[in-house]
Amino acid sequence: MEPHNKEGLERRDQAVSSIGKPEEPGLSYLSILQEKMKVVKEHPVESALAATAILGAGALAKRAIGRYFASGAGRGVLLVEDTPYTGKALKEALELEGEQVTWLRGVKRADGLPHQLKGIGASGEEVVLDTRKFKGALVDGELEGSYLQGAHVVDALKKGHLPSIGISSNAESNALLRRSGASASAEKPTALASILAHKVDFALLKRNPAALQSGMDGVGREISAYYKEGLRLQGDTARAYEQSEKLLRRFLSE
């Protein structure tokens, strides 16, 4: 066997053998393709077999990335809220609960590629998000300056299998968010206090949204009784409500 042919076959065998190895989800499809293309350029005699290796590696890389997201790899929480001080308070409350939060002040488009959301970041910048990165979302019903309103956003998220909680300033808007695709809903003061009272569990939102709704409703009833009847708040609700008021006052003064 000619030395150069032997070397070419060895390179080909290496390329083919690599097909069966799992690719890291973080590797881009383009980088894998470029690496395999070197075999074709340097050893044209083996181009047919090398091309097969390229296609196989590409398919495996795509499947690996799909498995990465489909396996429940989404760990973050998406927050869609246009009011700065409310958004900051909700974001900090979620982070105090150990969540990783991405905050959008509006959404431009949610009907493009599957799982893709084009939004307006907290500083006004345009961002493109893959919703598979998230395990749940909180979405305001009325989004000033946004191309889409909350009802459109929760509908798109539901189609992408991302459960959401509608948060609005009134019961009518929350009812619309529920009809449009939100798994649960609460008025903003209740939502904020519920987070700090450990009542917002995104695993429960996906598994049993009615149970999560019941927990938030309980917090809402206590807060309502406090305002309307002067009844004292108790336990976790009292602590969470006091903490939520401090957060709102702090960010409102900025």
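Condition check: surrounded by fewer than 23 Cβ atoms within 10 Å (Cβ to Cβ) and assigned by TED's automatic domain parsing to the domain that holds E245. Does V139 satisfy that?
no
Please state which one of L129, L138, L162 is in contact (Cβ under 8 Å) with a residue 40 or more places away in the chain, in a loop (DSSP other than H, G, I, E, B) and not basic (K, R).
L162
Checking the conditions here, which among G150, G166 is modelled with pLDDT of 95 or more, within 21 Å of V200 (Cα to Cα) and in contact with a strand residue (DSSP E or B) (Cβ under 8 Å, 6 or more places away or on another chain)?
Within the list G150, G166, the selection yields G166.
Keeping to the stretch 199-235, report how many residues are of a type outside the set (D, E, K, R) and closer than 23 Å to Y85 by Cβ.
Qualifying residue count for the region: 9.
Restricting to the stretch 81-117, what's the tally of residues that are among the β-branched types (V, I, T) and within 18 Å of T131 (Cα to Cα)?
Within the stretch 81-117, residues that are among the β-branched types (V, I, T) and within 18 Å of T131 (Cα to Cα) number 3.
Return the only residue of K159, K188, K199, K246 being modelled with pLDDT under 95 and either of a type in the set (K, R) or outside the structural domain of E81 (by TED's automatic domain parsing) (or both). Let's see the steps before the verdict.
On the way: K188 fails: modelled with pLDDT under 95; K199 fails: modelled with pLDDT under 95; K246 fails: modelled with pLDDT under 95.
Result: K159 is the single residue among K159, K188, K199, K246 that is modelled with pLDDT under 95 and either of a type in the set (K, R) or outside the structural domain of E81 (by TED's automatic domain parsing) (or both).
Given the criteria touching a Gly at 6+ places or on another chain (Cβ under 8 Å) and closer than 18 Å to K118 by Cβ, does S164 qualify?
yes
Residues in the stretch 180-198 that are among the small types (G, A, S) and either assigned to a strand (DSSP E or B) or farther than 15 Å from V80 by Cβ (or both): how many? Spell out how you get there, then give the answer.
Kept after step one, since they are among the small types (G, A, S), are these residues of the stretch 180-198: 180-186, 191, 193-194, 197.
From what's left, either assigned to a strand (DSSP E or B) or farther than 15 Å from V80 by Cβ (or both): 184-186, 193-194, 197.
Summing the residues that are among the small types (G, A, S) and either assigned to a strand (DSSP E or B) or farther than 15 Å from V80 by Cβ (or both) in the stretch 180-198 gives 6.
Among the residues of the stretch 146-155, which ones are surrounded by fewer than 23 Cβ atoms within 10 Å (Cβ to Cβ) and either touching a residue at least 12 places away in the same chain (Cβ under 8 Å) or not assigned by TED's automatic domain parsing to the domain that holds R109 (or both)?
Correct list: S146, Y147, L148, A151, H152, D155.
Can you report the number of residues in the stretch 83-100 which are surrounded by fewer than 19 Cβ atoms within 10 Å (Cβ to Cβ) and outside any loop (DSSP other than H, G, I, E, B)?
Number of matching residues: 5.
Going by what's in this entry, would I167 be described as aliphatic (A, V, I, L, M), within 19 Å of the chain's Cα centre (by Cα) and assigned to a strand (DSSP E or B)?
Yes; evaluated as a whole, the condition is true for this residue.
Are any residues in the stretch 101-132 out of contact with any strand residue (DSSP E or B) (no Cβ under 6 Å at 6 or more places or on another chain) and surrounded by 20 or more Cβ atoms within 10 Å (Cβ to Cβ), and if so, which ones?
Hit for the stretch 101-132 is R132, nothing else.
Need the failing condition index for D155 against (1) in contact with a Ser or Thr (Cβ under 8 Å, 6 or more places away or on another chain); (2) part of a strand (DSSP E or B), just the number.
The number of the failed condition is (2).
Give just the number: which of (1) surrounded by 13 or more Cβ atoms within 10 Å (Cβ to Cβ); (2) over 19 Å from K91 (Cα atoms) does T190 not satisfy?
Of the numbered conditions (1) surrounded by 13 or more Cβ atoms within 10 Å (Cβ to Cβ); (2) over 19 Å from K91 (Cα atoms), the odd one out for T190 is (2).
(1) in a strand (DSSP E or B); (2) in contact (Cβ under 8 Å) with a residue 12 or more places away in the chain: which one isn't true of K118, the others all being true?
It is condition (2) that K118 fails.
The values are calculated or read from the model by the stated rules, or taken from the named source; none is laboratory data. Every value quoted in this text rests on a predicted model; they were computed, and no experiment measured them. Cβ atoms come from the backbone with ideal geometry, glycine included; neighbour counts cover every protein chain shown.
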